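Please read the structure below before turning to the comments.
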Amino acid sequence: VDFWATWCGPCRREMPHVRELHQKLKERGFDVVGVNLDQDEEALARYLEDNDAPWVNLVGERSQELAQQYGVRGIPTMILVDQNGTIVATSHQVGTLVEKAEKLLTNPPAADGAKDAEQPKAN
């Protein structure tokens, strides 16, 4: 899950790295969900027209609520979620999540029933 905005310089600098990770791992089941925090949906539309982001990007009031729900204090914020919906890691740079993402795809976690019930869950 990538919390970002078009007006955020660091977010724009991270986007090629997010795209690279998505391209590298998508065939193994990895996906990205963008949560865009722009107030100007036209700016987002222009950005996405000019920049390849081949994943779902959520936008609007709900995206602001999601940022609050997940404790996002600054952007970019990337949240790595495993196959069971458990938050595995959070970072401001996608490069720090690559190894963990690859490991999750190589060694998936046990099914929900075998997990500790107190693990945080992504909705």
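Laboratory data are not the source of any read-out in this text; all were calculated from the coordinates shown. Quick caveat: nothing in here was measured; it's all calculated off a predicted structure. Neighbour counts run over all protein chains shown; Cβ positions are idealised from the backbone, glycine included.
Cβ-to-Cβ counts within 10 Å put VAL32, VAL94 in ascending order as VAL32, VAL94, the fewest first. Helix content alone sets the calculated 222 nm mean residue ellipticity of the chain: runs of n ≥ 4 DSSP H residues at -39500 (n - 2.57) each, divided across all residues, give -11000 deg cm²/dmol. Cβ crowding within 10 Å ranks GLU14, GLU49, GLU20 as GLU49, GLU20, GLU14, fewest other Cβ atoms first.
Here's how it looks for VAL33: its modeled amide H is under 5 Å from those of ASP2, which are all 5 or more places away or on a different chain.
Using every pair of separate Cα atoms, the Kirkwood estimate puts the hydrodynamic radius of the chain at 15.1 angstrom.
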